[in-house]
Amino acid sequence: MRSNSTALRRTSAVLALCISAALSAQAFAGDGATPAAPGSDADTGASAQPQNAKNLDTVEVSATTSTVSNLAPTQGSAIATQPQSTVSGLYLQENVPPTGDYADAIAISPSVSSVAPNGAGLMEAQKVQMRGFQDGQYNVTFDGVPWGDSNDFTHHSTSYFTNQDTSSITVDRGPGTASTLGNATFGGTVAVQSLDPSGEFGVTPYLSYGSWNTRVEGLKLNSNPIAETGGTTAVLNVQNSNSDGYLTNAAQHRENVFGKLVQPIGEHTTLTFVGMYNEIHQFVPPGETKAQIAEYGPNYGLSSNPASQAYYQYNLDKIQTYLGYVGLHSEWDGWKLDNKLYTYAYNHFGWNGLDPNGETPNGTYLGKNDVPATAMRNWYRSWGDTFRISKAIGPGELRAGFWYDDQDNLRWLYNADATLGFAPNSKNGSLFSAYQRYMTDSLKTFEPYLEYQWNVADWMWLVGGVKYNDFSRDLSAPINQKTLKPLSYSKSWNEPLPSLAAHWTLTPNWTAYAQWAKGFLAPNLNTFYTVNPAASGSLSPEQTVNIQLGTAWNSDRLTLSADVYHIDFDNMINSRKVAGITYFYNSGGAIYKGFEAEGAYLLGDGFSVYANGSLNRATDKATNTWEPNAPHKTAALGLIYRSGPLYASLMDKFVGKSYGDTLDTQPIAGYAVANFAASYTFAQSFADVKNIKLGFQANNLLDNKRIYSLAGYTAADNTPLYYTIPARSYNVSISADFF
């Protein structure tokens, strides 16, 4: 494991880079007038569009609460044209464990559930479903930048930003309008908004300690506006975490550095510089059989026996990632422009026992009792740009823009002898002969769009438009996955995607909307894993027609929203994991439909209640059986108390019955998890300290440890593997604000 000094050196480099870039840009500044406020379009780069959700900024715990919107864990939007829940900064601060990630945060939302078997953020979220759509069938964005793996469009929840780098998260349960960018817009968008500079100098060290020997240490630094450079502001967060994890021998070490610098240029232009680095070392279990659960307990993960393929040192991931962008926001003569030039990269080395669940005997070409294993690398880098421009024209606003992304990917995996330090395991000792795959591929995406918002009246507007999705895949594989034969192949897909939405303001507090849109997603890279992809018949893209109706009510004491949806899905791509490798297949068509609602009510005397719920149906068109990993329903109920410096909440989330595989096989019973959180912020006690905050969280209060997800199957006997709910856990935290 790397020392904390490594993270500190990287932190200094990120900060120096941001300051240097800002000072260079200042040479082109105008009159250096008042800087744009943090959190505005100037530093988020988001277009000022009515369909975007309200940004529920981070609320200091010591503030006085007068409206329920400041307390609700999630809130529907009064200005959206699709179902939308914004997870507030307050919920992120108070209720999500310090190690948690966006997948843990959004799990409270309607129709959403997450599987984190090693504890919040202590293992990449194994499943994050929304309305039954799985990761890869919806977008995740960071400050409006779509990101993910090009091979299957999925996301690594622990590999980039932390919750301490985040101000709020908006869950869009729909395809959006033409200006909604990303590879998989039909399934929705999880829009993560990064931390903004506060504009006031402060140093905030924070520390937490919890169950499973979990520790988080961090430092957040905010700058005053720098008058000499026109009002430059910056924020920096450095974080280090360590945990043994809930599962046996499944430890994780993580370092994260995040920096953002906002540079005003004149009165109406702002540059934003963001840089992030993340590093993880972790031991990752593949799931457990029911026999292992019965013998070793629900927290069985990996072994401490070096003669076992489940030995934790043979099941190790080392992952390094970075993400950065330069954002430009400018307004002039009625025009608004937002542009982000970005790059991000993922570098993953992994080592795994061939069969950690014990169905394959030891023995390799290099030794009859040696431990067989595999070694792999997955590396990719994306370069891209999001460009948006708009102008009020006639009775509305014209919007245009595009998203371009170019991702290159290297993937290899070879059979190895773990006993001999992961030496290649082949008859002739050759590394090339040991490979199961060796391939390079690329995905180029271009999405231009044009839309117009027609303000029909003061109480109604229509948004219509079209975007054009263009995907191009290239594969060059000396050893192609599955076939083990060479392949060089290219294929392009494209489709115009129209959309239409309407929004009504029925009263000052009551709004409604309707939406229709077409969706499209190019096939995964796995469709190239054949000798002749052109003849395989599996190259058809996923396509949808989405229809949604909804309404929202917002007042100081009550927020309430509800919606119904119907999605007609063709060429549904499902997946199955065998021996740790995910295989994809086209299961045909499906129908998704349901009802969702959420709301919060301010009772008075500091108390409020929160609830949400959904009835979801996701069924195969041909067989009428349920789609895998699609819960029949979800619900949440919470009681919140906040008065002055004291915050406390009790939240319960229920996830209904689902099936882990197709044809209604591998049934997973419904389950509920209750969590408690409390904190108290002390007033200034000595000269340079403004606040000292103590926090406590208890997760899974009722200690529910039942099976809640299918993890996959073993390779030898096709035995099902499962994940269980992590046991009851605690953590305490302390932070202080120095000014």
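The values are calculated or read from the model by the stated rules, or taken from the named source; none is laboratory data. No experiment lies behind these values; they were computed from the predicted model shown. Glycine gets a Cβ as well: all are built from the backbone with ideal geometry, and neighbour counts include every protein chain shown.
Of everything in region 543-553 that is surrounded by fewer than 22 Cβ atoms within 10 Å (Cβ to Cβ) and touching a residue at least 40 places away in the same chain (Cβ under 8 Å), the residue that is farthest from the chain's Cα centre (by Cα) is 553. The test for being polar (S, T, N, Q), in a strand (DSSP E or B) and out of contact with any Gly (no Cβ under 8 Å at 6 or more places or on another chain) holds for residue 476. When region 195-218 is filtered for residues that are under 24 Å from the mean Cα position of the chain (by Cα) and among the aromatic types (Phe, Trp, Tyr), only 206 remains. For region 377-399, does any single residue satisfy the condition of being touching a Pro at 6+ places or on another chain (Cβ under 6 Å) and either at pLDDT below 95 or closer than 30 Å to residue 499 by Cβ (or both)? No. When the test is whether a residue is of a type outside the set (Asp, Glu), modelled with pLDDT of 95 or more, surrounded by fewer than 24 Cβ atoms within 10 Å (Cβ to Cβ) and outside any loop (DSSP other than H, G, I, E, B), residue 216 passes it.
Among residues of region 163-177 that are within 30 Å of residue 545 (Cα to Cα), those with a Cβ under 6 angstrom from a residue that is crowded, with 24+ Cβ neighbours inside 10 Å and among the charged types (D, E, K, R), sequence gap 6+ or separate chain, pair up as 177/451. The residues listed here are 681, 724; of these, the one that is crowded, with 17+ Cβ neighbours inside 10 Å and under 20 Å from residue 207 (Cβ atoms) is 681. For residue 482, the conditions (1) charged (D, E, K, R); (2) at pLDDT 95 or above; (3) outside any strand (DSSP E or B) are fulfilled apart from (2). When residues in region 322-336 are screened for being surrounded by fewer than 21 Cβ atoms within 10 Å (Cβ to Cβ), touching a residue at least 24 places away in the same chain (Cβ under 8 Å) and out of contact with any Leu (no Cβ under 7 Å at 6 or more places or on another chain), 7 of them pass.
On inspection, residue 561 fails the criterion of being of a type in the set (Ser, Thr, Tyr) and free of Cβ contacts under 8 Å to residues at least 40 places away in the same chain. Against the conditions (1) under 26 Å from the mean Cα position of the chain (by Cα); (2) at pLDDT below 95, where does residue 684 fall short? Just the number, please. Status for residue 684: all satisfied but (1).
Residue pairs whose Cβ atoms lie under 6 Å apart, sitting 6 or more positions apart in sequence or on different chains, and linking a residue in region 497-520 that is touching a residue at least 40 places away in the same chain (Cβ under 8 Å) to a partner that is surrounded by fewer than 23 Cβ atoms within 10 Å (Cβ to Cβ) and among the acidic types (Asp, Glu), are 520/495.
When 99, 81 are checked against the criterion of being closer than 20 Å to residue 319 by Cα, of a type in the set (S, T, N, Q), out of contact with any Asp or Glu (no Cβ under 7 Å at 6 or more places or on another chain) and surrounded by 24 or more Cβ atoms within 10 Å (Cβ to Cβ), 99 stands alone in meeting it.
Taking region 485-523 as the range and being part of a loop (DSSP other than H, G, I, E, B) and of a type in the set (Gly, Ala, Ser) as the test, only 522 passes.
For the subset of region 229-280 comprising residues that are farther than 23 Å from residue 216 by Cβ and hydrophobic (A, V, I, L, M, F, W, C), which member is nearest to the chain's Cα centre (by Cα)? For region 229-280, the residue satisfying everything is 273. Remark: pairs (first residue in region 266-285, more than 30 Å from residue 319 (Cβ to Cβ); second residue in a strand (DSSP E or B) and among the aromatic types (Phe, Trp, Tyr); Cβ separation under 8 Å; 6+ apart in sequence or on different chains) = 268/332.
Residue-wise test of (1) in contact with a strand residue (DSSP E or B) (Cβ under 9 Å, 6 or more places away or on another chain); (2) polar (S, T, N, Q); (3) in a strand (DSSP E or B).
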| position | (1), (2), (3) |
| --- | --- |
| 141 | yes, yes, yes |
| 160 | yes, no, no |
| 168 | yes, yes, yes |
| 171 | yes, no, yes |
| 179 | yes, yes, no |
| 182 | yes, no, no |
| 192 | yes, no, yes |
| 197 | yes, no, no |
| 208 | yes, yes, yes |
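For residue 401, the criteria (1) within 26 Å of the chain's Cα centre (by Cα); (2) surrounded by fewer than 21 Cβ atoms within 10 Å (Cβ to Cβ) hold in every case but one, which is (2).
Here is a check on your reading of the model: is residue 120 buried (at least 24 other Cβ atoms within 10 Å of the Cβ) and in a helix (DSSP H, G or I)? Considered against the rule, which asks whether it is buried (at least 24 other Cβ atoms within 10 Å of the Cβ) and in a helix (DSSP H, G or I), residue 120 comes out as no.
A count restricted to region 485-501 and to residues that are more than 20 Å from residue 528 (Cα to Cα) and of a type in the set (S, T, N, Q) stands at 1.
One line per residue, one yes/no per condition, for (1) assigned to a strand (DSSP E or B); (2) touching a residue at least 12 places away in the same chain (Cβ under 8 Å); (3) of a type in the set (D, E, K, R):
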| site | (1), (2), (3) |
| --- | --- |
| 370 | no, yes, yes |
| 375 | yes, yes, no |
| 388 | yes, yes, yes |
| 400 | yes, yes, no |
| 405 | yes, yes, yes |
| 409 | yes, yes, no |
| 426 | no, yes, no |
| 443 | yes, yes, no |
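Among the residues of region 684-719, count how many are among the β-branched types (Val, Ile, Thr), under 20 Å from residue 648 (Cα atoms) and crowded, with 18+ Cβ neighbours inside 10 Å. Looking only at that region, the number is 0. Regarding region 278-299, can at least one residue be identified that is assigned to a strand (DSSP E or B), surrounded by fewer than 22 Cβ atoms within 10 Å (Cβ to Cβ) and touching a Phe, Trp or Tyr at 6+ places or on another chain (Cβ under 9 Å)? No, region 278-299 has no match at all. Are any residues in region 219-241 assigned to a strand (DSSP E or B) and in contact (Cβ under 8 Å) with a residue 60 or more places away in the chain, and if so, which ones? If the condition is that a residue be assigned to a strand (DSSP E or B) and in contact (Cβ under 8 Å) with a residue 60 or more places away in the chain, then 232, 233, 234, 236, 237, 238, 239, 240, 241 are the ones that fit. Of the strands (runs of 3 or more DSSP E) lying entirely inside region 670-739, those carrying at least 3 residues that are out of contact with any Gly (no Cβ under 8 Å at 6 or more places or on another chain) and either touching a residue at least 12 places away in the same chain (Cβ under 8 Å) or of a type in the set (A, V, I, L, M, F, W, C) (or both) are 671-682, 689-699, 707-713.
The single condition among (1) over 30 Å from residue 328 (Cβ atoms); (2) surrounded by 22 or more Cβ atoms within 10 Å (Cβ to Cβ); (3) not acidic (Asp, Glu) that residue 209 does not satisfy is (2). Of all the residues in region 243-275, those that are over 25 Å from residue 118 (Cα atoms), part of a strand (DSSP E or B) and not hydroxyl-bearing (Ser, Thr, Tyr) number 11. Please count how many residues of region 135-149 are among the acidic types (Asp, Glu) and more than 17 Å from residue 343 (Cβ to Cβ). Selection size over region 135-149: 1.
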